[in-house]
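My questions all concern the structure below.
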Amino acid sequence: MIYLDNSATTKPHIEVLKTYQTVASEYFANPSSIHRLGGEVEKLINKAKEQVASILKVKSSEVFFTSGGTESNNLAIKGIAYRYQNRGKHIITTQIEHPSVLEVCKFLEANGFKVTYLPVNEHGEISLQDLEKALTNETILVTIMHVNNEIGTVQPISDIADMLIQYPKTFFHIDHVQGFGKLPLPYDHKGIDSVTISGHKIHGLKGTGCLIKKESVSLAPLFHGGQQEQGNRPGTENVAGAVSLAKAARLAKESQTNYDQLYRYQANLREVLEQYDQVTINSPKHGAAHILNFSVKGFKPEVLIHAFMDEGIVVSTKSACSSKQNEPSHVLLACGIDQSDASSAVRVSMNLDQKAEDIESFLQTFNNIIRQYENVMG
Amino acid sequence: MIYDHVLIRYGELALKGKNQKFFINKLRSNVQKALSDFPNLSIKGKRDHMYILLNGQDYEEIIERCKDIFGIQSFSLAIKVENDEEKIKEAVLEAILLEEGKTFKITAKRPNKNFPIPSQQMNQVLGGHILRNTEGWTVNVHNPDVEIRVEIRHDATYITSKKIPGKGGLPVGSTGKSLLLLSGGIDSPVAGYLTMKRGVQLEAIHFHSPPFTSDRARQKVEDLAQTLTKFGGEIKLHLIPFTDIQQKIFQNAPENYGMTIMRRVMLRISEQVARQREILSITTGESLGQVASQTMESMHAINEVTNYPIIRPLVAMDKVDIINISKQINTYDISIRPYEDCCTIFVPKAPKTRPRREKVNQFEAPIDFTDEIEKAINDMETVTFKSSKQNQGDIYDELF
Ligand SMILES: Cc1ncc(COP(=O)(O)O)c(C=O)c1O
């Protein structure tokens, strides 16, 4: 099997699974218990924080373990909105966010907040001028994703952060789920207040993730309960999950050097795919290397997906979270791609250990499928 | 060619006359220990500066660690070239290409007067070379984005840009050893840190009273000791079982003098441990006027039992400043963990804030602690903490 759906989720690393198993079976005590067993477990969770913090060059007191990307985004956005609503009720985001940001913003909109959804150009990029124009005295939060999960657009996060330093009342949250371990982000930048990371996108486990929350910002918690995670995320800690995340993060960071080769794979994919008249590449030229999104005229995407699956190759449509709906992608529409292409997009997403042969097989299979069905479909 | 050196500048060290060589060797060995997990480096200590040859090693982590080594006034990434005009020009150009900004300034110094071109003229030669070979850079001598320093020394020329401030102070181990009374609180780790800053190598002593104090309280102290190794290398932590003594005090002394007597016994034990280990002073986190035991009267009554010097680096500091330091050195979050240490159990409801020496002596006289003190010292347990990077083989390591 050739797995090319790594932006939906990744295969857990065997080392990460081992860590999870050992911690879950041997270090099961509650870290809040005052006996020695509790102490050992607390040490593990602290060490997990330190490791994540040292990878990201933040303080370990700024790392909060959560159940993943969706929770981290919810915690940051609602947490800031409700904590600082007295300062203002305006939030700025983009039209191409993941549902775990967009839907939160819509929810807040229904509950008395005002939200600006910044438009994007044909590459999926926002403009700094638009952002600057949208900022008002009431703006308490700007939430923008680093790497888009459908097409791989990379937003100019450093420039945005530089600009937001001049707006001390406005916090800046980043959905870094698709960027972590792949593209650098200046985590210690003063203009950045919180960052979402998800475990299962970096060969960690589902249900693991973290929110980096700087000391500069405080949150209203989503849950109320005990004092775990400084009260920001009550509930007995998922220690095995936290330690496994720390390990996944280290492994991801160590293989980040492999990322450069994905640019070559992407160039190869583009070069070959562009030769087909039916194919439109939807991903921007200067986007992330690991994601390539394209549409094939005359082919329903699910037909392609199933045909590939029959050949042992796994690719997907849009993002996993919305692929069940038969609607055009909101991301592609926002980029100005027409209704029909926006409804028929296929996404190839690679991991850091992808082999050149995988890409060759994919292209060969693509050719076979097109030749086999073009008459029927055309 | 990119940066191939870290150039380290001494502060006070450079002034230390006859002992200078000793101080420099100490610093060199501390730097070597702090970076021992980078086998490629070579470290050279000269009379006026030290340098670390990177030999291809990434410098980011090295910079972070140098920020925590006492005795370093400032340091910079550097390129080392021969004392040759053309070579220097080439290196200066490479250095500016690594920088971001629009304006620059060259500051050339020429301690080596054998070099034929005077500094002023060198500034012009090098500035001109950059202007001719780059785009977008202009000179600004008053407020440049980037300052490139060129130091033409006897052995070679060093080209550096950003000057990164070090922690200052003196190399740990250069001024002797002290025994730190380490409780689980906020103050004592800060006191230890400031003492290390003056070149002192620490050992630490902690009193615990199981089962009245928990494993978690002990863990806290061990974590504090571990955290302090970042600044001073190895730290030995001596754990004194204190249960019997505390019970004896509780049973035999008037309640309001219990705390004073307890502190005096701690100090007696500390002095004995210090003597055994040839340590010449004791360090505490006491500050004036914070809590009951830290009044002038209390200090006077407690200090009576030893004539060892007691170093109290916090005595003149405000609590907020102490807390700020503890946050900077990452001991704060450990110190605020809510586990009781032996100083917070058996606390009388109304401790004497103004104890008097005559009274303490009178209350203490009938209580004989000799056997208990001897036993406590015999049963002392010593744990050695090495700087965290060296603590390999941690049972948890494979999980991470
Ligand atoms: C950009 C982005 N943000 C957030 C998420 C949600 O993360 P999780 O699945 O860990 O809740 C995903 C993945 O689905 C994503 O791609």
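The values are calculated or read from the model by the stated rules, or taken from the named source; none is laboratory data. These numbers come from a predicted model, not from an experiment. Glycine gets a Cβ as well: all are built from the backbone with ideal geometry, and neighbour counts include every protein chain shown.
From (1) under 21 Å from residue A:244 (Cβ atoms); (2) within 12 Å of another protein chain (Cβ to nearest Cβ), pick out the condition that doesn't hold for residue A:35.
So residue A:35 meets the others, but not (1).
Go through (1) at pLDDT below 95; (2) out of contact with any helix residue (DSSP H, G or I) (no Cβ under 8 Å at 6 or more places or on another chain); (3) outside the structural domain of residue A:345 (by TED's automatic domain parsing) one by one and return the number of the condition residue A:230 breaks.
(2)
Further question on the same structure: Being touching a helix residue (DSSP H, G or I) at 6+ places or on another chain (Cβ under 7 Å) and among the charged types (D, E, K, R) narrows it down to one of A:201, A:253, so name that one.
Every option except A:253 fails the conditions.
Assess whether residue B:165 counts as being modelled with pLDDT under 95, part of a loop (DSSP other than H, G, I, E, B), within 28 Å of residue B:60 (Cβ to Cβ) and not hydroxyl-bearing (Ser, Thr, Tyr).
Considered against the rule, which asks whether it is modelled with pLDDT under 95, part of a loop (DSSP other than H, G, I, E, B), within 28 Å of residue B:60 (Cβ to Cβ) and not hydroxyl-bearing (Ser, Thr, Tyr), residue B:165 comes out as no.
Ok, one more. Suppose we filter B:265, B:273 for residues that are assigned to a helix (DSSP H, G or I), touching a residue at least 60 places away in the same chain (Cβ under 8 Å) and within 28 Å of the chain's Cα centre (by Cα); which single one remains?
Step by step, each of B:265, B:273 is checked, and only B:273 is assigned to a helix (DSSP H, G or I), touching a residue at least 60 places away in the same chain (Cβ under 8 Å) and within 28 Å of the chain's Cα centre (by Cα).
Something else about it: Check whether at least one residue in region B:84-95 is among the β-branched types (Val, Ile, Thr), crowded, with 19+ Cβ neighbours inside 10 Å and within 29 Å of residue B:193 (Cα to Cα), and report yes or no.
Looking through region B:84-95, none of the residues is among the β-branched types (Val, Ile, Thr), crowded, with 19+ Cβ neighbours inside 10 Å and within 29 Å of residue B:193 (Cα to Cα).
Checking residue A:240 against (1) part of a helix (DSSP H, G or I); (2) without any contact (Cβ under 8 Å) to a residue 24 or more places away in the chain; (3) of a type in the set (A, V, I, L, M, F, W, C), only one condition comes out false. Which one?
(2)
Are there any helices (runs of 4 or more DSSP H) wholly within region B:300-400 with 3 or more residues that are within 14 Å of chain A (Cβ to nearest Cβ) and at negative phi, and if so which?
Per the criteria, B:319-328, B:332-335.
Related question: Looking at (1) buried (at least 22 other Cβ atoms within 10 Å of the Cβ); (2) more than 16 Å from the ligand (Cβ to nearest atom); (3) under 20 Å from the mean Cα position of the chain (by Cα); (4) not aromatic (Phe, Trp, Tyr), can you tell me which one residue A:81 breaks?
(3)
Residues of region B:200-233 being away from every other protein chain (no Cβ under 14 Å), touching a Phe, Trp or Tyr at 6+ places or on another chain (Cβ under 7 Å) and assigned to a loop (DSSP other than H, G, I, E, B), which ones?
Answer for region B:200-233, where residues must be away from every other protein chain (no Cβ under 14 Å), touching a Phe, Trp or Tyr at 6+ places or on another chain (Cβ under 7 Å) and assigned to a loop (DSSP other than H, G, I, E, B): just B:209.
Another question about this same structure. Would you point out which residue out of B:328, B:392 is at pLDDT below 90 and within 26 Å of the chain's Cα centre (by Cα)?
On inspection, the qualifying residue turns out to be B:392.
Residue A:71 - would you say it is among the charged types (D, E, K, R), out of contact with any Pro (no Cβ under 6 Å at 6 or more places or on another chain) and part of a helix (DSSP H, G or I)?
yes
Could I ask something else about it? With a cut-off of at least 2 residues that are among the hydrophobic types (A, V, I, L, M, F, W, C) and either within 13 Å of the ligand (Cβ to nearest atom) or within 14 Å of another protein chain (Cβ to nearest Cβ) (or both), name the strands (runs of 3 or more DSSP E) lying wholly within region A:116-224.
Qualifying strands (runs of 3 or more DSSP E): A:139-145, A:194-198, A:209-213.
Okay, moving on. Take the residues of region A:84-100 that are within 16 Å of the ligand (Cβ to nearest atom) and either over 14 Å from the mean Cα position of the chain (by Cα) or surrounded by fewer than 19 Cβ atoms within 10 Å (Cβ to Cβ) (or both): which is nearest to the other protein chains (Cβ to nearest Cβ)?
Top of the filtered list is A:94.
Among the residues that make up region A:349-366, is at least one of them modelled with pLDDT under 90 and under 15 Å from residue A:276 (Cβ atoms)?
So far as region A:349-366 goes, no, none of its residues is modelled with pLDDT under 90 and under 15 Å from residue A:276 (Cβ atoms).
Still on this model: Please pick out the residue among B:98, B:93, B:181 that is assigned by TED's automatic domain parsing to the domain that holds residue B:206 and in contact (Cβ under 8 Å) with a residue 40 or more places away in the chain.
Within the list B:98, B:93, B:181, the selection yields B:181.
Within region B:206-226, take every residue that is touching a His at 6+ places or on another chain (Cβ under 8 Å) and surrounded by 24 or more Cβ atoms within 10 Å (Cβ to Cβ) and give me the one that is farthest from residue A:42 (Cα to Cα).
If we take residues in region B:206-226 being touching a His at 6+ places or on another chain (Cβ under 8 Å) and surrounded by 24 or more Cβ atoms within 10 Å (Cβ to Cβ), then B:206 is farthest from residue A:42 (Cα to Cα).
Which one is farthest from the ligand (Cβ to nearest atom) among residues in region A:101-115 that are among the charged types (D, E, K, R) and part of a helix (DSSP H, G or I)?
The extreme case among them is A:109.
Is it the case that residue A:237 is within 14 Å of another protein chain (Cβ to nearest Cβ) and away from the ligand (no atom under 16 Å from the Cβ)?
Against the criterion (within 14 Å of another protein chain (Cβ to nearest Cβ) and away from the ligand (no atom under 16 Å from the Cβ)), residue A:237 does not qualify.
Taking into account only those residues within region A:11-21 that are charged (D, E, K, R) and at the interface with chain B (Cβ under 10 Å from one of its Cβ atoms), which is farthest from residue A:346 (Cα to Cα)?
Looking at the filtered set, the residue picked out is A:18.
Just the residues that are within 18 Å of residue B:161 (Cβ to Cβ) and either among the aliphatic types (A, V, I, L, M) or surrounded by 13 or more Cβ atoms within 10 Å (Cβ to Cβ) (or both), please, taken from region B:102-124.
Answer for region B:102-124, where residues must be within 18 Å of residue B:161 (Cβ to Cβ) and either among the aliphatic types (A, V, I, L, M) or surrounded by 13 or more Cβ atoms within 10 Å (Cβ to Cβ) (or both): B:103, B:104, B:105, B:106, B:107, B:108, B:109, B:119, B:122, B:123.
Could you go through region A:199-211 and let me know if any residue there is surrounded by fewer than 20 Cβ atoms within 10 Å (Cβ to Cβ) and more than 25 Å from residue A:10 (Cβ to Cβ).
no
Moving on to the next point. Listed residues A:8, A:81, A:53, A:24; which is within 14 Å of chain B (Cβ to nearest Cβ) and in contact (Cβ under 8 Å) with a residue 24 or more places away in the chain?
A:24
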